[in-house]
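The values are calculated or read from the model by the stated rules, or taken from the named source; none is laboratory data. All figures in this text were calculated on a predicted structure; none of them were measured in a lab. Because the Cβ atoms are built from the backbone with ideal geometry, glycine has one as well, and the counts that use them run over all protein chains shown. Accessible surface is based on the protein model in full, side chains and every heavy atom, while ligands, DNA and RNA are left aside. Shrake-Rupley method; radii C 1.70, N 1.55, O 1.52, S 1.80 Å.
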Amino acid sequence: MLFFGTTIDGLQMGLCFAVIALGVYISYSILDFPDLSVDGTFPLGGVVCTILMLKLGLPPILATFLTFFVGLLAGTVTGLLHVKFKISKLLSGIIVMTALLSVNLALTKLLTRNGYTTTIFAYRSENLTGIFDGKLTELFGKGAKDYVILAILLFIVIVLKLAVDWFLKTNLGYLLRATGDNEMLV
C-alpha cells in the first residue's frame, strides 16, 4: 500500500510542478530570457502565503491569489533591472534571486520569532482548512480523496496548458514569440 500512496503523492507533486514548467518554458524558450529569479520567487511565495494564512488568518485560496501579486512584483523588479538599468538578462535575474533569498530569510525569521516553528503542518491541521479540504473531496469519501485531488490537479494543468496554447495563438502571443526570436524586429 505504501507504493501506491507514494505514487499518488508523486503524481500530485508532478502535476503541481507541471504548472511551473509551463512558466519556465515561456521564460526560457519563448522569450529567450534566462530568469534565475525564480529560485527566490517560489520560496517567497511560500513564505508570504504562510504568513497570510497563519498571521492574518486568510483562507488558503485568497492567500494563494494574493501571493501571485508578490511574485509578480519580484518579476517586475527583474524586468526593470534589465530594461531601465540596462543590466544583462542573466545578471538581473541573479541579483533579484540573491536579494529574494535575504528577504525570504528575514520573513522566515519573522515567523519563527512569533512562535510559529517548522511544525506548521500540525498547526494547519488544527486551525486551517486547505484548498482541497472542501465538499468536493468529501463527496467521494475518505478513501478516494487522493484520487479526487489528482483529478482536480490534472484538470487544472490541462486547462492551463490549453489557455497557454490559446494565448500564444493571439496577436499578443505572436508578439511575445517574436520578441524571443528577434528583439530588433519587434
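This table checks each residue for (1) out of contact with any Cys (no Cβ under 8 Å at 6 or more places or on another chain); (2) among the small types (Gly, Ala, Ser); (3) at pLDDT 95 or above.
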| position | (1), (2), (3) |
| --- | --- |
| THR50 | yes, no, no |
| MET53 | yes, no, no |
| GLY79 | yes, yes, no |
| LYS84 | yes, no, yes |
| ILE95 | yes, no, yes |
| ALA99 | yes, yes, yes |
| SER102 | yes, yes, no |
| ASN114 | yes, no, no |
| ARG124 | yes, no, no |
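Any idea which residue in segment 138-160 is modelled with the lowest pLDDT, counting only those that are open to solvent by 90 Å² or more (accessible area, probe 1.4 Å) and in a helix (DSSP H, G or I)? Quick ask: steps written out before the conclusion?
Our first condition is that a residue be open to solvent by 90 Å² or more (accessible area, probe 1.4 Å); within segment 138-160, this holds for 138-140, 142, 147, 155.
Then keep just the ones that are in a helix (DSSP H, G or I); that gives 138-139, 147, 155.
Numbers: GLU138: 72, LEU139: 77, TYR147: 86, PHE155: 94.
Here the residue is GLU138.
Return the pair list, or none, for Cβ contacts closer than 6 Å from residues in segment 149-178 that are closer than 18 Å to VAL24 by Cα to residues that are assigned to a helix (DSSP H, G or I) and of a type in the set (Phe, Trp, Tyr), at least 6 apart or on different chains.
Here the result reads GLY173/PHE167, each pair linking segment 149-178 to a residue that is assigned to a helix (DSSP H, G or I) and of a type in the set (Phe, Trp, Tyr).
Can you tell me how many residues in segment 161-180 are surrounded by 12 or more Cβ atoms within 10 Å (Cβ to Cβ) and either over 23 Å from the mean Cα position of the chain (by Cα) or under 19 Å from ASP35 (Cβ atoms) (or both)? Spell out the reasoning first.
Residues of segment 161-180 surrounded by 12 or more Cβ atoms within 10 Å (Cβ to Cβ): 161, 164, 167-168, 173, 176-180.
Imposing the further condition that a residue be either over 23 Å from the mean Cα position of the chain (by Cα) or under 19 Å from ASP35 (Cβ atoms) (or both) reduces the set to 164, 167-168, 173, 176-180.
Of the residues in segment 161-180, 9 are surrounded by 12 or more Cβ atoms within 10 Å (Cβ to Cβ) and either over 23 Å from the mean Cα position of the chain (by Cα) or under 19 Å from ASP35 (Cβ atoms) (or both).
Please name all residue pairs, on different chains or six or more residues apart, with Cβ atoms under 7 Å, provided the first residue is in segment 44-66 and is under 12 Å from LEU107 (Cα atoms) and the second residue is of a type in the set (Val, Ile, Thr) and open to solvent by 30 Å² or more (accessible area, probe 1.4 Å).
If the second residue must be of a type in the set (Val, Ile, Thr) and open to solvent by 30 Å² or more (accessible area, probe 1.4 Å), the pairs left are LEU44/VAL70; LEU44/VAL103; GLY45/VAL70; VAL47/THR108; VAL48/VAL70; CYS49/THR64; THR50/ILE120.
Being surrounded by 16 or more Cβ atoms within 10 Å (Cβ to Cβ) and of a type in the set (A, V, I, L, M) is true for just one of ILE8, ILE20, ILE26, ILE61. Which residue is that?
Details: ILE8 fails: surrounded by 16 or more Cβ atoms within 10 Å (Cβ to Cβ); ILE20 fails: surrounded by 16 or more Cβ atoms within 10 Å (Cβ to Cβ); ILE61 fails: surrounded by 16 or more Cβ atoms within 10 Å (Cβ to Cβ).
It is ILE26.
Which residues, taken from segment 72-82, are more than 17 Å from THR108 (Cβ to Cβ) and either small (Gly, Ala, Ser) or out of contact with any helix residue (DSSP H, G or I) (no Cβ under 9 Å at 6 or more places or on another chain) (or both)? First the steps, then the outcome.
Taking segment 72-82 first, the residues more than 17 Å from THR108 (Cβ to Cβ) are 72-73, 75-82.
Those that are more than 17 Å from THR108 (Cβ to Cβ) and either small (Gly, Ala, Ser) or out of contact with any helix residue (DSSP H, G or I) (no Cβ under 9 Å at 6 or more places or on another chain) (or both): LEU72, LEU73, GLY75, THR76, GLY79.
Scan segment 90-106 and give yes if some residue there is open to solvent by less than 70 Å² (accessible area, probe 1.4 Å) and without any contact (Cβ under 8 Å) to a residue 12 or more places away in the chain, otherwise no. Show your work before the answer.
Start the filter on segment 90-106 by keeping residues that are open to solvent by less than 70 Å² (accessible area, probe 1.4 Å), which leaves 92-94, 96-97, 99-100, 103-104, 106.
Those still in the list that are without any contact (Cβ under 8 Å) to a residue 12 or more places away in the chain too: 106.
Yes, the conditions are met somewhere in segment 90-106.
Quick one: is ASP39 within 20 Å of the chain's Cα centre (by Cα), open to solvent by 60 Å² or more (accessible area, probe 1.4 Å), acidic (Asp, Glu) and farther than 29 Å from TYR174 by Cα?
Numbers: within 20 Å of the chain's Cα centre (by Cα): yes; open to solvent by 60 Å² or more (accessible area, probe 1.4 Å): yes; acidic (Asp, Glu): yes; farther than 29 Å from TYR174 by Cα: no.
Taking the combined requirement at face value, the residue does not satisfy it.
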